[in-house]
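Q: Mind having a look at this structure? Questions to follow.
The values are calculated or read from the model by the stated rules, or taken from the named source; none is laboratory data. These numbers come from a predicted model, not from an experiment. Using ideal geometry, Cβ is built from the backbone for each residue, glycine included, and neighbour counts are taken over all protein chains shown. Protein only, heavy atoms only, side chains kept; ligands, DNA and RNA dropped before computing areas. Shrake-Rupley method; radii C 1.70, N 1.55, O 1.52, S 1.80 Å.
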Amino acid sequence: MKDVLLELLRIPSPSGRTDVIMQHVGERLEEIGLPFEVTRRGVMVGSLDGEEGTLDRAIVVHTDTIGCMVQQLKDNGRLAIVPVGTHSSRFSEGSRVTILTDDPEHVFTGTVLPNKASGHAFGDDVDTQPVGWEHVEVRVDELVSSAQDLRDLGIQVGDFVAQVAFPVITRSGFVTSRHLDDKAGVAAALAAFKAVIERGEKLAVGAHLLITVAEEVGHGASSGLYSDVAEMVSVDSAVVAPGQHSTETGVTLAMQDLHGPFDYHLTRRLHDLAARHGIEANRDVFRFYRSDVASALEAGAETRAALVGFGVDATHGHERTHLDSIVATAELLALYLQTELTFARWDAKPSGPLEDFPSSGVQPVRREPEWDPESADLVESKPYPHEVDEGWGEGAASNRDEDEDEDVAGAGVDA
(Lines give C-alpha, C1' and ligand atoms only; values in the text may rest on other atoms or scores of the structure.)
Protein backbone atom coordinates (compact mmCIF):
# COMPACT_ATOMS: atom_id res chain seq x y z
CA MET A 1 0.00 0.00 0.00
CA LYS A 2 2.83 2.40 0.84
CA ASP A 3 4.60 1.69 -2.45
CA VAL A 4 1.45 2.31 -4.48
CA LEU A 5 0.67 5.48 -2.50
CA LEU A 6 4.12 6.98 -3.09
CA GLU A 7 3.96 6.05 -6.77
CA LEU A 8 0.58 7.73 -7.25
CA LEU A 9 1.57 10.86 -5.34
CA ARG A 10 4.55 11.40 -7.63
CA ILE A 11 2.37 11.40 -10.77
CA PRO A 12 0.74 14.77 -11.60
CA SER A 13 -3.01 14.31 -12.20
CA PRO A 14 -5.08 17.50 -11.98
CA SER A 15 -8.68 17.08 -13.13
CA GLY A 16 -8.62 16.96 -16.92
CA ARG A 17 -5.09 15.53 -17.16
CA THR A 18 -5.38 12.04 -15.65
CA ASP A 19 -4.48 9.69 -18.51
CA VAL A 20 -0.99 8.90 -17.19
CA ILE A 21 -2.05 8.05 -13.66
CA MET A 22 -4.91 5.87 -14.91
CA GLN A 23 -2.40 3.85 -16.93
CA HIS A 24 -0.47 3.19 -13.72
CA VAL A 25 -3.63 2.30 -11.80
CA GLY A 26 -4.59 -0.10 -14.59
CA GLU A 27 -1.24 -1.84 -14.25
CA ARG A 28 -1.86 -2.28 -10.51
CA LEU A 29 -5.31 -3.75 -11.17
CA GLU A 30 -3.75 -6.25 -13.55
CA GLU A 31 -1.15 -7.17 -10.93
CA ILE A 32 -3.73 -7.98 -8.26
CA GLY A 33 -5.96 -9.84 -10.71
CA LEU A 34 -8.96 -7.50 -10.73
CA PRO A 35 -10.66 -7.48 -14.17
CA PHE A 36 -11.63 -3.99 -15.33
CA GLU A 37 -12.80 -1.89 -18.23
CA VAL A 38 -12.52 1.81 -19.08
CA THR A 39 -15.43 4.03 -20.07
CA ARG A 40 -15.44 6.57 -22.88
CA ARG A 41 -14.63 9.36 -20.39
CA GLY A 42 -11.75 7.43 -18.84
CA VAL A 43 -13.46 6.12 -15.70
CA MET A 44 -12.14 2.70 -14.67
CA VAL A 45 -14.46 -0.03 -13.36
CA GLY A 46 -13.02 -3.18 -11.78
CA SER A 47 -15.38 -6.07 -10.98
CA LEU A 48 -15.47 -9.09 -8.69
CA ASP A 49 -18.29 -11.59 -9.06
CA GLY A 50 -20.53 -12.48 -6.16
CA GLU A 51 -22.73 -15.47 -5.41
CA GLU A 52 -26.08 -13.69 -5.42
CA GLY A 53 -26.72 -13.02 -9.09
CA THR A 54 -26.37 -9.56 -10.56
CA LEU A 55 -26.98 -7.35 -7.50
CA ASP A 56 -23.75 -5.52 -6.67
CA ARG A 57 -22.07 -2.91 -4.52
CA ALA A 58 -19.40 -0.36 -5.44
CA ILE A 59 -16.44 1.28 -3.75
CA VAL A 60 -15.61 4.62 -5.36
CA VAL A 61 -12.32 6.55 -5.34
CA HIS A 62 -10.83 9.24 -7.59
CA THR A 63 -7.37 9.81 -9.02
CA ASP A 64 -7.79 13.44 -10.05
CA THR A 65 -6.52 16.22 -7.82
CA ILE A 66 -6.84 19.95 -7.50
CA GLY A 67 -4.49 21.92 -9.71
CA CYS A 68 -4.23 25.02 -11.89
CA MET A 69 -4.42 26.10 -15.51
CA VAL A 70 -2.59 28.82 -17.44
CA GLN A 71 -4.92 31.76 -17.96
CA GLN A 72 -2.46 34.25 -19.45
CA LEU A 73 1.13 34.54 -20.66
CA LYS A 74 2.23 37.71 -18.91
CA ASP A 75 4.45 40.40 -20.41
CA ASN A 76 7.00 39.82 -17.63
CA GLY A 77 7.53 36.21 -18.72
CA ARG A 78 5.43 34.73 -15.95
CA LEU A 79 2.11 32.87 -15.94
CA ALA A 80 -1.25 33.99 -14.61
CA ILE A 81 -3.20 30.94 -13.43
CA VAL A 82 -6.69 29.94 -12.35
CA PRO A 83 -7.63 27.02 -10.08
CA VAL A 84 -8.82 23.62 -11.27
CA GLY A 85 -11.12 22.45 -8.49
CA THR A 86 -11.86 24.40 -5.34
CA HIS A 87 -8.84 25.61 -3.36
CA SER A 88 -7.32 28.84 -2.15
CA SER A 89 -4.26 30.44 -3.67
CA ARG A 90 -3.05 30.94 -0.10
CA PHE A 91 -1.97 27.28 -0.01
CA SER A 92 -0.19 27.42 -3.35
CA GLU A 93 2.04 30.40 -2.59
CA GLY A 94 5.56 29.02 -2.56
CA SER A 95 4.56 25.70 -4.12
CA ARG A 96 6.76 24.07 -6.70
CA VAL A 97 4.78 23.22 -9.83
CA THR A 98 5.05 21.24 -13.04
CA ILE A 99 3.80 22.91 -16.23
CA LEU A 100 2.32 20.28 -18.55
CA THR A 101 2.29 21.39 -22.19
CA ASP A 102 0.46 19.65 -25.02
CA ASP A 103 3.73 17.96 -25.95
CA PRO A 104 4.49 15.27 -23.32
CA GLU A 105 8.20 15.66 -24.05
CA HIS A 106 8.16 19.32 -23.01
CA VAL A 107 7.48 19.69 -19.29
CA PHE A 108 8.65 22.71 -17.33
CA THR A 109 9.01 23.52 -13.66
CA GLY A 110 8.30 26.67 -11.72
CA THR A 111 7.13 28.24 -8.47
CA VAL A 112 3.86 29.92 -7.52
CA LEU A 113 4.73 33.32 -6.03
CA PRO A 114 2.77 36.35 -4.84
CA ASN A 115 2.98 39.23 -7.27
CA LYS A 116 5.00 41.05 -4.61
CA ALA A 117 7.39 38.30 -3.54
CA SER A 118 10.39 40.19 -2.18
CA GLY A 119 10.41 42.06 1.10
CA HIS A 120 13.63 43.78 0.02
CA ALA A 121 11.77 45.27 -2.96
CA PHE A 122 8.28 45.92 -1.57
CA GLY A 123 8.77 46.22 2.18
CA ASP A 124 5.59 45.84 4.24
CA ASP A 125 3.48 45.57 1.08
CA VAL A 126 4.32 41.86 0.96
CA ASP A 127 2.23 41.45 4.14
CA THR A 128 -0.73 43.56 3.08
CA GLN A 129 -1.33 42.40 -0.50
CA PRO A 130 -4.62 40.50 -0.86
CA VAL A 131 -5.03 36.75 -1.19
CA GLY A 132 -6.44 35.50 -4.50
CA TRP A 133 -5.47 33.87 -7.77
CA GLU A 134 -5.16 37.28 -9.41
CA HIS A 135 -2.45 38.10 -6.86
CA VAL A 136 -0.13 35.19 -7.67
CA GLU A 137 1.90 34.15 -10.71
CA VAL A 138 4.11 31.26 -11.79
CA ARG A 139 7.82 31.98 -12.13
CA VAL A 140 9.00 29.58 -14.85
CA ASP A 141 12.46 28.05 -14.44
CA GLU A 142 13.61 29.08 -17.91
CA LEU A 143 15.32 32.14 -19.39
CA VAL A 144 12.13 34.01 -20.23
CA SER A 145 11.20 37.66 -19.80
CA SER A 146 8.20 38.12 -22.11
CA ALA A 147 5.01 36.45 -23.29
CA GLN A 148 6.72 35.63 -26.60
CA ASP A 149 9.51 33.82 -24.77
CA LEU A 150 6.90 31.62 -23.14
CA ARG A 151 5.23 30.93 -26.49
CA ASP A 152 8.59 29.99 -27.96
CA LEU A 153 8.92 27.33 -25.25
CA GLY A 154 5.56 25.89 -26.31
CA ILE A 155 3.63 27.09 -23.26
CA GLN A 156 0.04 28.07 -24.09
CA VAL A 157 -3.12 29.29 -22.43
CA GLY A 158 -4.96 26.22 -21.16
CA ASP A 159 -1.84 24.25 -20.19
CA PHE A 160 -2.15 22.45 -16.86
CA VAL A 161 -0.09 23.47 -13.85
CA ALA A 162 0.25 20.76 -11.18
CA GLN A 163 1.49 21.34 -7.65
CA VAL A 164 4.41 18.99 -6.94
CA ALA A 165 3.43 16.62 -4.13
CA PHE A 166 6.82 15.98 -2.43
CA PRO A 167 5.53 12.95 -0.47
CA VAL A 168 7.33 11.89 2.70
CA ILE A 169 6.55 9.07 5.14
CA THR A 170 8.09 10.02 8.47
CA ARG A 171 9.60 7.70 11.09
CA SER A 172 6.47 8.18 13.21
CA GLY A 173 4.22 7.02 10.39
CA PHE A 174 2.88 10.36 9.18
CA VAL A 175 2.43 10.88 5.46
CA THR A 176 2.97 14.48 4.40
CA SER A 177 2.20 15.41 0.82
CA ARG A 178 0.03 17.40 -1.51
CA HIS A 179 -2.85 15.43 -3.06
CA LEU A 180 -3.46 12.78 -0.41
CA ASP A 181 -7.01 13.56 -1.51
CA ASP A 182 -7.71 11.05 -2.94
CA LYS A 183 -4.57 9.09 -3.74
CA ALA A 184 -4.46 7.69 -0.23
CA GLY A 185 -8.03 6.51 -0.83
CA VAL A 186 -6.99 4.81 -4.07
CA ALA A 187 -4.12 3.05 -2.27
CA ALA A 188 -6.45 1.91 0.52
CA ALA A 189 -9.05 0.57 -1.92
CA LEU A 190 -6.44 -1.28 -3.99
CA ALA A 191 -5.03 -2.82 -0.81
CA ALA A 192 -8.50 -3.96 0.29
CA PHE A 193 -9.32 -5.59 -3.06
CA LYS A 194 -5.84 -7.15 -3.21
CA ALA A 195 -6.29 -8.70 0.25
CA VAL A 196 -9.70 -10.16 -0.61
CA ILE A 197 -8.48 -11.55 -3.95
CA GLU A 198 -5.30 -13.08 -2.51
CA ARG A 199 -7.25 -14.75 0.28
CA GLY A 200 -9.56 -16.29 -2.28
CA GLU A 201 -12.64 -15.02 -0.48
CA LYS A 202 -15.97 -15.91 -2.07
CA LEU A 203 -18.06 -12.77 -2.01
CA ALA A 204 -21.76 -13.01 -1.30
CA VAL A 205 -22.27 -9.80 -3.26
CA GLY A 206 -20.52 -8.71 -6.43
CA ALA A 207 -18.24 -5.72 -5.99
CA HIS A 208 -17.04 -2.98 -8.30
CA LEU A 209 -14.08 -0.68 -7.81
CA LEU A 210 -15.06 2.56 -9.55
CA ILE A 211 -12.11 4.91 -10.12
CA THR A 212 -13.23 8.33 -11.30
CA VAL A 213 -11.24 11.16 -12.88
CA ALA A 214 -13.20 14.39 -12.31
CA GLU A 215 -14.32 14.45 -8.68
CA GLU A 216 -12.56 17.71 -7.88
CA VAL A 217 -14.60 19.59 -10.48
CA GLY A 218 -17.92 18.06 -9.43
CA HIS A 219 -18.46 15.32 -12.02
CA GLY A 220 -17.24 12.41 -9.90
CA ALA A 221 -19.28 9.22 -10.11
CA SER A 222 -21.98 10.78 -12.30
CA SER A 223 -21.04 8.15 -14.89
CA GLY A 224 -19.58 4.66 -14.81
CA LEU A 225 -21.84 3.29 -12.07
CA TYR A 226 -23.78 0.20 -13.13
CA SER A 227 -27.55 0.26 -12.67
CA ASP A 228 -27.53 -2.92 -10.58
CA VAL A 229 -25.42 -1.37 -7.82
CA ALA A 230 -27.45 -1.40 -4.60
CA GLU A 231 -24.84 0.17 -2.29
CA MET A 232 -22.07 2.65 -2.96
CA VAL A 233 -19.28 3.64 -0.55
CA SER A 234 -17.14 6.59 -1.54
CA VAL A 235 -13.63 6.80 -0.07
CA ASP A 236 -12.13 10.26 0.37
CA SER A 237 -10.29 12.48 2.82
CA ALA A 238 -11.90 13.21 6.19
CA VAL A 239 -11.41 16.72 7.54
CA VAL A 240 -9.14 16.97 10.60
CA ALA A 241 -9.54 20.47 12.05
CA PRO A 242 -10.92 22.29 15.11
CA GLY A 243 -14.62 21.58 15.43
CA GLN A 244 -14.36 18.29 13.52
CA HIS A 245 -14.31 14.76 14.96
CA SER A 246 -12.08 13.02 12.42
CA THR A 247 -8.59 11.88 13.46
CA GLU A 248 -5.38 11.07 11.61
CA THR A 249 -5.29 7.58 13.14
CA GLY A 250 -8.74 6.12 12.41
CA VAL A 251 -11.40 5.83 9.74
CA THR A 252 -14.24 8.37 9.63
CA LEU A 253 -17.89 7.76 8.77
CA ALA A 254 -19.45 10.93 7.35
CA MET A 255 -23.00 11.47 8.55
CA GLN A 256 -23.59 14.43 6.23
CA ASP A 257 -21.76 16.74 3.87
CA LEU A 258 -22.67 19.75 1.73
CA HIS A 259 -24.88 17.49 -0.38
CA GLY A 260 -26.93 16.28 2.59
CA PRO A 261 -27.21 13.23 4.89
CA PHE A 262 -25.83 9.89 3.77
CA ASP A 263 -27.85 6.68 3.92
CA TYR A 264 -28.91 6.13 7.52
CA HIS A 265 -28.71 2.34 7.50
CA LEU A 266 -25.52 1.83 5.46
CA THR A 267 -23.56 4.46 7.38
CA ARG A 268 -24.42 2.99 10.77
CA ARG A 269 -23.78 -0.52 9.55
CA LEU A 270 -20.27 0.45 8.49
CA HIS A 271 -19.67 2.11 11.85
CA ASP A 272 -20.85 -1.01 13.70
CA LEU A 273 -18.68 -3.21 11.47
CA ALA A 274 -15.60 -1.18 12.41
CA ALA A 275 -16.49 -1.28 16.11
CA ARG A 276 -16.97 -5.07 16.10
CA HIS A 277 -13.50 -5.56 14.60
CA GLY A 278 -11.64 -3.10 16.82
CA ILE A 279 -11.06 -0.44 14.16
CA GLU A 280 -11.01 3.16 15.38
CA ALA A 281 -14.08 4.72 13.80
CA ASN A 282 -15.28 8.31 14.10
CA ARG A 283 -18.54 9.96 13.07
CA ASP A 284 -18.33 13.44 11.60
CA VAL A 285 -20.26 16.08 9.65
CA PHE A 286 -18.62 18.09 6.85
CA ARG A 287 -20.07 21.50 5.98
CA PHE A 288 -17.89 22.56 3.03
CA TYR A 289 -17.38 19.24 1.32
CA ARG A 290 -18.79 17.01 -1.38
CA SER A 291 -17.59 13.75 -2.94
CA ASP A 292 -18.22 11.22 -5.70
CA VAL A 293 -21.42 10.23 -3.89
CA ALA A 294 -23.08 13.60 -4.51
CA SER A 295 -22.41 13.43 -8.25
CA ALA A 296 -23.82 9.90 -8.50
CA LEU A 297 -27.01 10.71 -6.61
CA GLU A 298 -27.57 13.94 -8.49
CA ALA A 299 -27.20 11.98 -11.73
CA GLY A 300 -30.04 9.71 -10.59
CA ALA A 301 -28.25 6.67 -9.15
CA GLU A 302 -30.81 4.51 -7.29
CA THR A 303 -28.41 3.31 -4.60
CA ARG A 304 -27.69 3.56 -0.91
CA ALA A 305 -24.65 5.78 -0.45
CA ALA A 306 -22.09 6.33 2.29
CA LEU A 307 -18.76 8.09 2.68
CA VAL A 308 -15.75 6.79 4.60
CA GLY A 309 -12.51 8.68 4.94
CA PHE A 310 -8.93 8.69 6.15
CA GLY A 311 -8.21 11.68 8.38
CA VAL A 312 -6.32 14.52 6.68
CA ASP A 313 -5.03 17.69 8.29
CA ALA A 314 -4.95 20.82 6.06
CA THR A 315 -7.09 19.37 3.28
CA HIS A 316 -6.51 20.79 -0.22
CA GLY A 317 -3.35 22.39 1.13
CA HIS A 318 -0.17 20.97 2.63
CA GLU A 319 -1.86 17.75 3.67
CA ARG A 320 -0.93 15.19 6.29
CA THR A 321 -2.37 11.88 7.41
CA HIS A 322 -1.03 8.83 9.25
CA LEU A 323 -0.51 5.34 7.90
CA ASP A 324 -2.79 4.07 10.68
CA SER A 325 -5.71 5.98 9.18
CA ILE A 326 -5.13 4.63 5.66
CA VAL A 327 -4.75 1.08 7.04
CA ALA A 328 -7.95 1.46 9.10
CA THR A 329 -9.77 2.57 5.96
CA ALA A 330 -8.43 -0.37 3.97
CA GLU A 331 -9.37 -2.83 6.71
CA LEU A 332 -12.94 -1.53 6.88
CA LEU A 333 -13.29 -1.75 3.10
CA ALA A 334 -11.99 -5.34 3.07
CA LEU A 335 -14.44 -6.34 5.79
CA TYR A 336 -17.31 -4.59 4.03
CA LEU A 337 -16.59 -6.45 0.78
CA GLN A 338 -17.15 -9.75 2.62
CA THR A 339 -20.58 -8.88 4.04
CA GLU A 340 -24.11 -9.21 2.75
CA LEU A 341 -26.00 -6.16 1.53
CA THR A 342 -27.60 -4.12 4.27
CA PHE A 343 -31.09 -5.04 3.03
CA ALA A 344 -30.50 -7.84 0.53
CA ARG A 345 -34.14 -8.92 0.24
CA TRP A 346 -35.57 -5.43 -0.20
CA ASP A 347 -32.85 -4.20 -2.57
CA ALA A 348 -33.20 -7.26 -4.82
CA LYS A 349 -35.95 -5.42 -6.71
CA PRO A 350 -36.17 -1.79 -7.86
CA SER A 351 -39.34 -1.24 -5.80
CA GLY A 352 -41.74 -2.93 -3.42
CA PRO A 353 -44.67 -2.51 -1.03
CA LEU A 354 -44.56 0.16 1.67
CA GLU A 355 -44.98 -2.30 4.54
CA ASP A 356 -41.72 -4.01 3.54
CA PHE A 357 -39.69 -0.80 3.31
CA PRO A 358 -36.79 -1.36 5.75
CA SER A 359 -36.94 2.06 7.41
CA SER A 360 -39.80 0.74 9.52
CA GLY A 361 -37.20 -1.19 11.51
CA VAL A 362 -35.61 2.08 12.65
CA GLN A 363 -38.63 4.35 12.55
CA PRO A 364 -41.66 2.17 13.34
CA VAL A 365 -44.91 3.34 11.78
CA ARG A 366 -47.03 5.08 14.42
CA ARG A 367 -50.42 6.57 13.82
CA GLU A 368 -51.03 9.97 15.35
CA PRO A 369 -53.83 9.84 17.97
CA GLU A 370 -57.13 11.33 16.95
CA TRP A 371 -57.85 14.68 18.61
CA ASP A 372 -60.68 17.15 18.88
CA PRO A 373 -59.60 20.68 17.88
CA GLU A 374 -62.18 22.10 20.32
CA SER A 375 -61.07 19.97 23.27
CA ALA A 376 -60.54 21.86 26.53
CA ASP A 377 -57.21 20.04 26.96
CA LEU A 378 -55.81 22.05 24.07
CA VAL A 379 -56.53 25.43 25.70
CA GLU A 380 -53.64 26.99 27.63
CA SER A 381 -55.30 28.40 30.72
CA LYS A 382 -52.32 28.85 33.06
CA PRO A 383 -50.82 32.37 33.43
CA TYR A 384 -47.45 33.30 31.97
CA PRO A 385 -44.52 33.01 34.44
CA HIS A 386 -44.06 36.80 34.68
CA GLU A 387 -47.72 37.22 35.61
CA VAL A 388 -47.25 34.81 38.51
CA ASP A 389 -44.16 36.77 39.60
CA GLU A 390 -46.18 40.01 39.53
CA GLY A 391 -48.84 38.64 41.84
CA TRP A 392 -51.26 37.05 39.45
CA GLY A 393 -52.65 34.02 41.18
CA GLU A 394 -54.77 31.27 39.71
CA GLY A 395 -57.86 33.05 40.96
CA ALA A 396 -56.72 36.38 39.57
CA ALA A 397 -56.01 34.76 36.24
CA SER A 398 -59.46 33.24 36.22
CA ASN A 399 -61.07 36.59 37.04
CA ARG A 400 -59.07 38.29 34.31
CA ASP A 401 -60.26 35.69 31.77
CA GLU A 402 -63.88 36.39 32.79
CA ASP A 403 -63.36 40.16 32.39
CA GLU A 404 -61.88 39.62 28.95
CA ASP A 405 -64.84 37.43 27.97
CA GLU A 406 -67.27 40.19 29.01
CA ASP A 407 -65.33 42.72 26.93
CA VAL A 408 -65.44 40.47 23.93
CA ALA A 409 -69.13 39.78 24.32
CA GLY A 410 -69.86 43.50 24.70
CA ALA A 411 -68.09 44.21 21.46
CA GLY A 412 -70.49 41.98 19.62
CA VAL A 413 -67.90 39.28 18.88
CA ASP A 414 -68.93 35.63 19.08
CA ALA A 415 -66.55 34.42 21.82
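Q: Can you compute the charge dipole magnitude of the range 213-338 about its Cα centre, using +1 on each Lys and Arg Cβ and -1 on each Asp and Glu Cβ, nothing else charged? Give it in debye, rounded to the nearest 20. List each step's numbers first, then the result.
A: Working: 8 positive and 18 negative charges, 62 e Å.
Roughly 300 debye for the range 213-338.
Q: What is the dipole size for the chain, taken about its Cα centre, with +1 at each Lys and Arg Cβ and -1 at each Asp and Glu Cβ, in debye to the nearest 20?
A: Values: 34 positive and 71 negative charges, 583 e Å.
The calculated dipole for the chain is roughly 2800 debye.
Q: Note the listed values (i) 4, 19, 25, 18, 11, 8, 7, 5, 2, 0; (ii) 4, 20, 30, 26, 15, 4, 0; (iii) 4, 20, 26, 22, 15, 8, 3, 2, 0, 0, then indicate which one is P(r) over Cα pairs in 10 Å bins from 0, in percent calculated from this particular structure.
A: For P(r) over Cα pairs in 10 Å bins from 0, in percent, the calculated option is (i).
Q: A further question follows. Give the ranking of Arg28, Arg17, Arg304 by solvent-accessible surface, highest area first, calculated with a 1.4 Å probe. Could you put the intermediate results ahead of the total?
A: Working: Arg28 50, Arg17 75, Arg304 25 Å².
Most to least solvent-accessible, the answer reads Arg17, Arg28, Arg304.
Q: May I pose another question? Just Phe166, Phe357, Phe310 to compare: in a GNM of the chain, with alpha carbon springs under 10 Å, which one fluctuates most?
A: It is Phe357.
Q: Also, quick follow-up: Taking a cut-off of 22 Å between Cα atoms, list the lysines near Lys116, but don't count ones fewer than 8 places away on the same chain.
A: Lys74
Q: Here's a follow-up. What residue among Ala348, Ala192, Ala281 has the largest mean-square fluctuation in a Gaussian network model of the chain, using Cα springs under 10 Å?
A: Residue with maximal mean-square fluctuation among Ala348, Ala192, Ala281: Ala348.
Q: Share of the chain's accessible area from carbon and sulfur, percent, 1.4 Å?
A: Details: 10740 of 21590 Å².
The C+S portion of the solvent-accessible surface of the chain is 50 percent.
Q: Calculate for the chain the 222 nm mean residue ellipticity that helices alone would give, adding -39,500 (n - 2.57) per DSSP H run of length 4 or more and normalising by residue count, nearest 500 deg cm²/dmol. Show your work: numbers first, answer last.
A: Values: 12 runs with 117 residues, N = 415.
Calculated from helices alone, the mean residue ellipticity at 222 nm is -8000 deg cm²/dmol.
Q: A follow-up question, please. Take every DSSP beta bridge whose two residues both sit in the chain, then give the antiparallel share in percent to the nearest 5. It would help to have the intermediate numbers written out before the result.
A: Values: 43 of 71 bridges.
Bridges in the chain that DSSP calls antiparallel: roughly 60 percent.
Q: Okay, next question. Name the lysines eligible as straight-distance cross-link partners of Lys194: C-alpha to C-alpha under 23 Å, and not fewer than 8 places from it in the same chain.
A: Within the straight-line cut-off, Lys194 pairs with Lys2, Lys183, Lys202.
Q: Which GluC sites (Glu not before Pro) does the range 310-351 hold that lie in a coil by DSSP with at most 16 other beta carbons within 10 Å?
A: Glu340
Q: Continuing with the same structure: With every protein chain kept in place and ligands, DNA and RNA left out, what is the accessible area per residue of the range 319-363? Probe 1.4 Å, answer in Å². Walk me through the numbers before you get to the answer.
A: Values: 2360 Å² over 45 residues.
Computed with neighbouring chains in place, this is 52 Å² per residue.
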